[in-house]
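Asks: Please find one structure pasted underneath; my questions will follow.
Rule-based calculations on the coordinates, nothing more; no lab input. Quick caveat: nothing in here was measured; it's all calculated off a predicted structure. Virtual Cβ from ideal backbone geometry, glycine too; neighbours counted across all protein chains shown.
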Amino acid sequence: MLNFTAPPPLSLYVHIPWCVRKCPYCDFNSHAARGAVPEQEYVDALLRDLEQDLPRVWGRTVHSIFIGGGTPSLFSPESIERLLSGLRARLPLDQDIEITLEANPGTVELERFEGFRAAGVNRLSIGVQSFEPEKLKALGRIHGREEALRAAEAARAAGFDNFNLDLMFGLPQQSVEQALADIRTAIGLEPAHLSVYQLTIELNTLFHARPPALPDDDSTWEMQNRLQAELAAAGYRQYEISAYAKAGYECRHNLNYWKFGDYLGIGAGAHAKITDTGAITRLWKLKQPNDYLRSAGTPAGIGGEDKLTREIIVTEFMMNALRITAGIPSRLFAERTGLPISVVARPLEQAERRGLITWDMESLRPTDTGFRYLNNLVELF
Ligand SMILES: C[S@@+](CC[C@H](N)C(=O)[O-])C[C@H]1O[C@@H](n2cnc3c(N)ncnc32)[C@H](O)[C@@H]1O
Ligand code: SF4
């Protein structure tokens, strides 16, 4: 039996599973839309799905919503408005809730952004990836450099002072200078937040079947170090492996994942983690959009459900918490896992001896070395 003093903060993830086209590097649950997307039906399904989950979180307030995908910006502002009104009617939302929506630059125009804002979205996350035409082509993106620039400008013009740009580096045949040029262009657009991911080759993607020529490890290492320096000089603090923000603009929704908070997940393939008396449950929804549409809100719409074992709880807590550069208060371990921190006394001592973490009763933090060799550090747990 796990021992919780209070349930952790609660977020809500909403998955929209369609894109204009499937990118060759992407292993998200996203599907090229053939013809019109069934927006109305899908919003209805999402609300039914939420209703079925509600008894798991009675009385708890939601402090962030993330509408991700796929490409949520494919949906009309009217559909997003109907979705958010439906959520408001069913769930207590925090007064200053963060509501993020992911957008693809190939699917935006100013009016659309204004509509999302009027619907209650207060943070946009724009998938730019690169500003270089040749790289965008290699990545199979549906937009060019100009649209990427315009999307950021439209976000600002629509009143979003809080927007994020997603960038990737280590792209096919990318030089260090090209990666830096992308970062400088992004910084020039003055987003409040930047997510910068190294391109990884994922199973079940076109890039896995036909791998492109990627820069070698030394180059990607140099890219990473130099773009970090560039971002720091421009006032973006790295607060997680891939996340950089101006002070006060850290993404609350993602921080909740990394601090092992709770979240509901509605939509095709969405995952949830819920802390209840004495246990942590993970559940997920059917992955295929058509199956989901048919069965959302009924027991058949649940893809599966697990009670997490103590071992998994400890590993997942560490895997997430150690991603946060600033570290965490040590008491968070007991609060979120329901276990005393003494259960990890041995690996904590080992990690400390190897110079990978610093910790005491107040705080627990990866050192620079620990952060660099995060996989080795997490393995200890
Ligand atoms: C769901 S997508 C963002 C929104 C929208 N679908 C788009 O692509 O414009 C989330 C982000 O994950 C990153 N990503 C996806 N696949 C990746 C991979 N194989 N390696 C590194 N980053 C990846 C991209 O930066 C992408 O913008
Ligand atoms: S990267 Fe974004 S746009 Fe491309 S397939 Fe994945 S979710 Fe869709």
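Asks: Can you give me the distance in nm between label points at R354 and Q288, each placed 7 Å from the Cα along the Cα-to-Cβ direction?
Replies: Taking the two extended label points, one gets 4.3 nm.
Asks: Going by Cβ distance under 4.7 Å, what cysteines of the chain have no possible disulfide partner?
Replies: So, C19, C251.
Asks: Output the peptides 369-378, 353-362 sorted from most to least packed, where packing is the average of other Cβ atoms within 10 Å over each peptide's residues.
Replies: Details: 369-378: 15.8, 353-362: 14.2.
Averaged packing, sorted descending, gives the order 369-378, 353-362.
Asks: A further question follows. For region 215-284 and region 78-113, what is the separation of their C-alpha centers, rounded to whole Å?
Replies: First find each Cα centre; the distance between them is then 21 Å.
Asks: In whole Å, largest first, what are the principal axis extents of the Cα atoms in region 102-236?
Replies: In descending order, the Cα extents are 45, 35, 23 Å.
Asks: Once you treat every alpha carbon in region 180-254 as an equal point and sum by Debye, what is log10 I(q)/I(0) at q = 0.11, 0.18, 0.21 Å⁻¹?
Replies: -0.35, -0.80, -0.96
Asks: Also, quick follow-up: Straight-line reach from K285: which lysines have a Cα under 30 Å away, not including same-chain ones fewer than 8 places off?
Replies: Straight-distance partners of K285: K22, K259, K273, K307.
Asks: Sticking with this one: Do you know the relative contact order of region 171-305, to the nearest whole percent, from alpha carbon pairs under 8 angstrom that are 6+ apart?
Replies: 18 percent.
Asks: Tell me the volume per residue, in Å³, of the convex hull enclosing the alpha carbons of the chain.
Replies: Once divided by residue count, the hull of the chain is 140 Å³.
Asks: Counting other Cβ atoms within 10 Å, which GluC sites (Glu not before Pro) in region 77-121 have at most 14 and lie in a DSSP loop?
Replies: Here the GluC sites (Glu not before Pro) that fit, given the DSSP loop and packing criteria, are E109.
Asks: Moving on. Students often check this: by mean Cβ neighbours within 10 Å, which of 164-172, 42-50 ranks highest, and how do the rest follow?
Replies: The peptides rank, most packed first, as 164-172, 42-50.
Asks: Over the chain, calculate the relative contact order: mean separation of alpha carbon pairs under 8 Å at least 6 apart, over the residue count, as a percent. Mind dumping the intermediate values first?
Replies: On the way: 720 pairs, mean separation 68.9, N = 381.
Over the chain, the number comes to 18 percent.
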